[in-house]
Structure formats: structure tokens, C-alpha cells
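The values are calculated or read from the model by the stated rules, or taken from the named source; none is laboratory data. Because the structure is a prediction, the values reported are computed rather than measured. Here Cβ is always computed from backbone atoms with ideal geometry, including for glycine, and neighbour counts include all displayed protein chains. Side chains are part of the model used for accessible areas, which takes the heavy atoms of the whole protein and leaves out ligands, DNA and RNA. Shrake-Rupley method; radii C 1.70, N 1.55, O 1.52, S 1.80 Å.
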Amino acid sequence: MDLKVENCDVVVIGAGPAGSVAAALLRQQGRQVLVLEREQFPRFSIGESLLPQSMAYLEQAGMLQVVVEAGFQYKNGAAFVRGERYTAFDFRDKHSTGWGTTYQVQRANFDHLLAQQAQRQGAEIRFQHAVTAVDLDGDKPRLTVRQADGNEYQVEAGFILDASGFGRILPRLLDLETPSNFPVRGAIFTHIEDGITAPDFDRNKIRVTVHPEHCDVWYWLIPFAGGRCSIGVVAKTAFLDQYQGSDTERLRALVNEDPASRELLANARWDTPARSIVGYSANVKSLWGKGYALLGNAGEFLDPVFSSGVTIALKSASLAAQVLQKHFSGVQVDWENEYAIPLKKGVNTFRTFVESWYTGGFQDVIFHEHQQPEIRRMISAILAGYAWDETNPYVRESKRRLKALEEICA
Ligand code: FAD
């Protein structure tokens, strides 16, 4: 039986941050936008600590005010802990211009809010509509969609933006997947009522703690408003596999291995079963093709250590919307030079710092006792998400500069 075929200017796959922001920006250009989302919102997602750079894209998309007014936990920096050493970066003190503060968000609420803002601007979002197939052979790309009741239909679009995150729909359907350069790591995480009473604990910062014995194993503690927090541990899967029991038991055992975390969370109430995710780092052969482009995690995902995922997702949405504006006005566009290369500039900055974190070099830099204020402000800017700001030498020549700094601090 032939399926019903609908038409649309742009179809966006997935209503996560990349999808909702792209949809809103395209509505501002007057495009007809259909967003197909597999889940019903609100739904859980990992990725709760935002970076200040993301505020600029929320502002562009007309979503900033609702985010500011939603009552999320204010965030002004990142604190790092290794043994007795504690160092905190205040993102308001940074090399790049732009926002120095942001929020730590429960993604179920945050993503729902962004999706509602995209709808308010005229994007149609169909929840529980999953994309299952793509056909690029015709004049226009065509998607097959399955509804929750099992019924299927097709949509022909002027262009497809794949913002399906870890769903990675087009990479899988079009054989675009290529392995990430990072080893396979996993994370175990949950939300708890943290019960933290330590007077010097700073709820306005994400706290990243290095495992006392293994420098490539680390914990995050992301305070939320209302006395709760997100807590998680990241390590190679072989390391995590040594821990037996439920995810909650494994996470508690790992948290107890770090004396400072154990003390900080002595009064915590572990009221939510932990979850785990493995092998999330991913890459693709190309971020675009005839009639489509990949946004956010549907393209490349590096690693969670510097909370860069949502910022990269929003940057990709903003860049793709700019290129599509040209495309729809009839101008020939070059997706590689106007989208993929500019996006990868910042992703590669983060990559340099992530690689150096796991080999220990960047840890020696941030925990070094004597830091030059100007260099610290350049690093603060990158940790705040300004990874595309070429006025920063650690962006312009990130590999060479960081290597030199590592040698000084080793
Ligand atoms: P997503 O937010 O994943 O949204 C994709 C959407 O597509 C989902 O709603 C999904 O239901 C939908 N979808 C999937 N398949 C289909 C389909 N077939 N049809 C229709 N819809 C579909 N980032 C940060 O910024 N800060 C952090 O602190 C942070 N911590 C992290 C910790 C861990 C352990 C991990 C693994 C990641 C972390 N990240 C963090 C990264 C962050 O989770 C992602 O980068 C971010 O969510 C990507 O946004 P997105 O819009 O690309 O995709």
C-alpha cells in the first residue's frame, strides 16, 4: 500500500536542544518547519550543565527569557578537585566577550521548554513520531515516519536537519558512521537529594573530581536548584565492568572511593535509580550530503568532561540555519566550507583539551600552583564554551599552545 506523502520546507529529526533551536531560527526566516520527535516530552536526557556560550544561541532563537525565568540553578564556573587540590574557574573572568554565566538544568524540563518555544514560534512538533527510513534518490529527500500507533506516513522536504542525538538516524541509515578516536568510555549517573551542608561548597559551579588513583576516571557533581544534584562517574568500560551489582550500587561504590565526595555526600538521599550509558563517543564521515545536514550529537560527540555537548549542538543549529537561509534564497552554498569546517573549528578546540585531560597534561595545567592570570582567562574562556573565538591563542593554535603549557606545568 502506498503511504500518504506530506510536504514541508524543512524537516527536523529530534526535538532536543539542536532540533528546537534550529526549528525556531528557521521559523524566524519564514520557513515551514516540521519537527519529528520519537519520545513524548518531558523525557529524561543526560547533559545538564550548560556553558555560557550557549546563551547567545538561546537568545538568537528567542528562548533566553523563558530559560532565565524558569528558576534553574545559576552557574558561573567550573571547579576541579584532585586529592587535596581544588581550583575553580569563574567564567565571568575570561578572555572572550559574551555571557559569563548560565544554568544547570534538569534536561527533561529544559528540553520541554525549548520545544514549547519553537512551537510558539510556529514550528509543528509531532511527538511520538519516529523517523525510520530515508530516501535521497528523488528530487527531494523523503522520510518514512512511524507513529506510536504503528501507522506510517512519508514526508518530502526541501531539506532535512538530523538532530536525533544519540539516535544518530541519518548516520545509521546512510552508513555515515565512523569510529571516534576516543577509547570506549561509559558513565553511571543519577539524581540525588544531596544534603550538602559544607559551608564552602559552591552550588554555582559544576564540580569535577579526579579519581584518587586513576587520572582518567572522574566524577561530576552538578548542583540543581532545590537541594538536588546530578552525580555521575566516567571511566573506560573495562574499569566500570569491575564493579558489580545494580547501577546504583556501582555508582555508590565508586563515589565512596573518593574521600572528599564521600564526605560531601554523607547526608545524601539516593532516591532515584542510577542509569548507565556506554560508548557514547561517535563520529561521522561527513556532516552533510545532498539535501541534509547533521546537527549536534547526530554528527560528532566527543566526551562529557567539559560539558560542551549542548553548546556544540546549539552552535550547529545556528550555523545550519544561516546556511539554509542562503540555500532557500537560491544562492549556491558550500556546506563543507560554510558549515562543517566552521563547526569543527570549535569541536577541535574542545578535542585538544579533552585529549589532554585524559593523558593528564591539562590536569597538571589547571592544578598548577602558579598560573599566569592572562593564560587562566584564556582557558576560562574555552571552559565557558568560547571555543570558536580565534582572538584566543588557545583556540587559534590550541594543540601547539596547550602542549607548550603542559611542558611548563609538568
Ligand atoms: P539530544 O538532546 O539527544 O536530542 C535528540 C532527540 O532526538 C531526542 O529527543 C530523541 O528522542 C530524538 N530522536 C532520536 N531518534 C529519533 C528518531 N528516529 N525519530 C525522531 N526523533 C528521534 N552536554 C552538556 O552540554 N553538558 C553536560 O553536562 C553534559 N553531560 C553529559 C554527560 C554524559 C555522560 C553524556 C553521554 C553526554 C553529556 N552531554 C553534556 C552531552 C549532551 O547530552 C548532548 O551533547 C546533547 O544532549 C546533544 O543535543 P542534541 O540536540 O544534539 O541531541
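Values as computed for the structure displayed
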{"quantity": "Test: residue in region 51-74 that is of a type in the set (D, E, K, R), touching a residue at least 40 places away in the same chain (Cβ under 8 Å) and either surrounded by fewer than 19 Cβ atoms within 10 Å (Cβ to Cβ) or in contact with a helix residue (DSSP H, G or I) (Cβ under 7 Å, 6 or more places away or on another chain) (or both)", "calculated": "no"}
{"quantity": "One residue from Thr101, Thr97 being within 16 Å of the ligand (Cβ to nearest atom), more than 21 Å from Phe301 (Cα to Cα) and out of contact with any strand residue (DSSP E or B) (no Cβ under 6 Å at 6 or more places or on another chain)", "calculated": "Thr101"}
{"quantity": "Filtered residues of region 225-237 (kept if without any contact (Cβ under 8 Å) to a residue 40 or more places away in the chain and not in a loop (DSSP other than H, G, I, E, B))", "calculated": "Arg228, Cys229"}
{"quantity": "Among (1) under 30 Å from Tyr292 (Cα atoms); (2) surrounded by fewer than 19 Cβ atoms within 10 Å (Cβ to Cβ), the one test that Phe350 misses", "calculated": "(2)"}
{"quantity": "Filtered residues of region 297-317 (kept if closer than 22 Å to Glu59 by Cβ, open to solvent by less than 10 Å² (accessible area, probe 1.4 Å) and of a type outside the set (A, V, I, L, M, F, W, C))", "calculated": "Ser308, Thr311, Ser316"}
{"quantity": "Residues of region 270-296 that turn out to be open to solvent by less than 20 Å² (accessible area, probe 1.4 Å), more than 10 Å from the ligand (Cβ to nearest atom), closer than 30 Å to Glu338 by Cβ and not in a strand (DSSP E or B), as a count", "calculated": "2"}
{"quantity": "Among the residues listed as Glu37, Glu69, the single one being among the acidic types (Asp, Glu) and away from the ligand (no atom under 11 Å from the Cβ)", "calculated": "Glu69"}
{"quantity": "Subset tally (residues that are over 24 Å from Lys399 (Cα atoms), within 15 Å of the ligand (Cβ to nearest atom) and not small (Gly, Ala, Ser)) for region 309-348", "calculated": "2"}
{"quantity": "Wholly enclosed strands (runs of 3 or more DSSP E) of region 115-224 bearing at least 3 residues over 24 Å from the mean Cα position of the chain (by Cα) and touching a residue at least 24 places away in the same chain (Cβ under 8 Å)", "calculated": "142-147, 152-162"}
{"quantity": "Among (1) open to solvent by 10 Å² or more (accessible area, probe 1.4 Å); (2) near the ligand (Cβ under 6 Å from one of its atoms) - the single one Arg27 does not satisfy", "calculated": "(2)"}
{"quantity": "Of residues in region 244-269 being open to solvent by 50 Å² or more (accessible area, probe 1.4 Å) and small (Gly, Ala, Ser), the one nearest to Val347 (Cα to Cα)", "calculated": "Ser246"}
{"quantity": "Some residue of region 340-362 being in contact (Cβ under 8 Å) with a residue 12 or more places away in the chain and not in a helix (DSSP H, G or I)", "calculated": "yes"}
{"quantity": "Asp9 being more than 10 Å from the ligand (Cβ to nearest atom), part of a loop (DSSP other than H, G, I, E, B) and open to solvent by 40 Å² or more (accessible area, probe 1.4 Å)", "calculated": "no"}
{"quantity": "Unique match (being open to solvent by 50 Å² or more (accessible area, probe 1.4 Å), of a type in the set (A, V, I, L, M) and near the ligand (Cβ under 10 Å from one of its atoms)) among Leu143, Leu173", "calculated": "Leu173"}
{"quantity": "Options Lys403, Lys326, Lys399; residue that is surrounded by fewer than 17 Cβ atoms within 10 Å (Cβ to Cβ), at pLDDT 95 or above and more than 30 Å from Leu58 (Cα to Cα)", "calculated": "Lys403"}
